[in-house]
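S.K.: I'd like to ask some things about the structure below.
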Amino acid sequence: MITFDKDEHIVFEVRKHWFLIASELSIVAIFAMVPLLVFAILSAIPVEFDLGGNIFGGFVAFYAIWLLVCWVAGFIFWTNYFLDVWVITNKKLVDVEQRGLFKRQISVLELDKIQDVTSDVSGFVATFMDFGKIHVQTAGAQREFYISDIENPNEVRQKLHSALIRNRAL
Amino acid sequence: MDILAEKTLFNFPIPSEIFWIMLAAGIIFFFTFAWIFHHHWNYYGIEGNSKVFAKSLFWIGSIFLIFTMALAITAFETL
């Protein structure tokens, strides 16, 4: 749970590009279709199975549980995607790193500690899908902040820079 | 010789109890993850339409699959 001061408000939030979650969900969808493929192959070859019951009912029962596992896996990916976020308020930057369902790391950086913001788009897919990395350099010995694979990093850098200027003007 | 007319028969009877046990395991699996997602979505601050949409989709999809499995096992038993 992220808590904010009374006079603090969220300026914007940054998440990873939708292409990443779409890629992960596509892999889940391919896995979901594996039993259909096996069933189609077994139907095409001259083999008959006697399972002691309705074979189609047996297949649907097995496929339903397979789909349930894929369905839950899809929601695990979505939850990880949605909870991995940068929240920029008028006072600070909150970096929430969600790695799997049971690993969550939250770092907070005051905006006035930020020295430099860099955006980085590299690679063929990243250039055409417009996603990349934002790197924040902080003052002193504090750690560096970065978020990778975010949508439109140049625009995010500009918005973050504007938030810094507004914060310093106060 | 007609090759297609000859089908190899594999006799591999599966007791329907195995499917019912799989269904029970599926229900436990579903409720475990429903509880984990409920915690994460509420406590970690997913709000608004995203939460309502995800919650509804998860429950409707899962219950549909569990119900389908129960019907399919019944169909498997009735033959």
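The values are calculated or read from the model by the stated rules, or taken from the named source; none is laboratory data. All values derive from a computational prediction rather than experimental measurement. As a convention, Cβ positions derive from the backbone with ideal geometry for all residues, glycine included, and neighbour counts pool all protein chains shown. Side chains included, ligands, DNA and RNA excluded: accessible areas come from the protein's heavy atoms. Shrake-Rupley method; radii C 1.70, N 1.55, O 1.52, S 1.80 Å.
S.K.: Could you check which residue among A:114, A:76, A:55 shows the biggest mean-square fluctuation in a GNM of chain A with a 10 Å Cα cutoff?
M.R.: A:55
S.K.: Considering only protein heavy atoms, what per residue accessible area in square angstrom results for region A:4-65 with a 1.4 angstrom probe?
M.R.: 60 Å²
S.K.: Can you pull out the buried accessible area for chains B and A, both sides counted, probe 1.4 Å, rounded to the nearest 100 Å²?
M.R.: Details: alone 7050 and 11040 Å², together 14750 Å².
What B and A bury together is about 3300 Å².
S.K.: Could I ask something else about it? Can you tell me which of A:123, A:132, A:100 moves the most in a GNM of chain A? Springs connect C-alpha atoms under 10 Å apart.
M.R.: It is A:123.
S.K.: For region A:11-170, take every pair of Cα atoms, bin their distances at 10 Å starting from 0, and report each bin as a whole percent.
M.R.: Histogramming region A:11-170 at 10 Å steps yields 9, 28, 24, 15, 11, 8, 4, 1 percent.
S.K.: Right, here's the next one. Taking 7 Å along the Cα-to-C-beta vector as the label spot, tell me the residue A:10-residue B:32 distance in nanometres, rounded to one decimal.
M.R.: It is 3.1 nm.
S.K.: Taking the convex hull of the alpha carbon atoms in chain B, what volume per residue do you get, in Å³? Could you put the intermediate results ahead of the total?
M.R.: On the way: hull volume 10.8 nm³, N = 79.
Normalising the Cα hull of chain B by residue number yields 137 Å³.
S.K.: Also, quick follow-up: Which pairs break 20 Å Cα to Cα here: A:16/A:103; A:91/B:51; A:16/A:159; A:91/A:159; A:92/A:159? Mind dumping the intermediate values first?
M.R.: Details: A:16/A:103 18 Å; A:91/B:51 27 Å; A:16/A:159 16 Å; A:91/A:159 14 Å; A:92/A:159 14 Å.
Correct reply: A:91/B:51.
S.K.: Please give every one of the aspartates and glutamates within straight-line cross-link reach of residue A:133, meaning a C-alpha to C-alpha distance under 18 Å, and leave out same-chain neighbours fewer than 8 residues apart.
M.R.: Cross-link targets: A:13, A:84, A:95, A:97, A:116, A:120, A:144, A:149, A:151, A:155.
S.K.: Percent of accessible area on region B:15-78 owned by carbon and sulfur, 1.4 Å probe? Write out the running numbers ahead of the final one.
M.R.: Working: 2860 of 3740 Å².
Roughly 77 percent of what the probe reaches on region B:15-78 is carbon or sulfur.
S.K.: Scanning chain A for trypsin sites (Lys or Arg not before Pro) in DSSP loops with at most 14 other Cβ atoms within 10 Å, what's the longest stretch left with none? Write down the numbers at each step before the final one.
M.R.: On the way: sites that count: A:6, A:99, A:103, A:143.
Longest stretch, sites excluded: A:7-98.
S.K.: Using a 10 angstrom cutoff on alpha carbons, build the Gaussian network for chain A and name the most mobile of A:134, A:41, A:147.
M.R.: Among A:134, A:41, A:147, the largest mean-square fluctuation in the Gaussian network model of chain A belongs to A:41.
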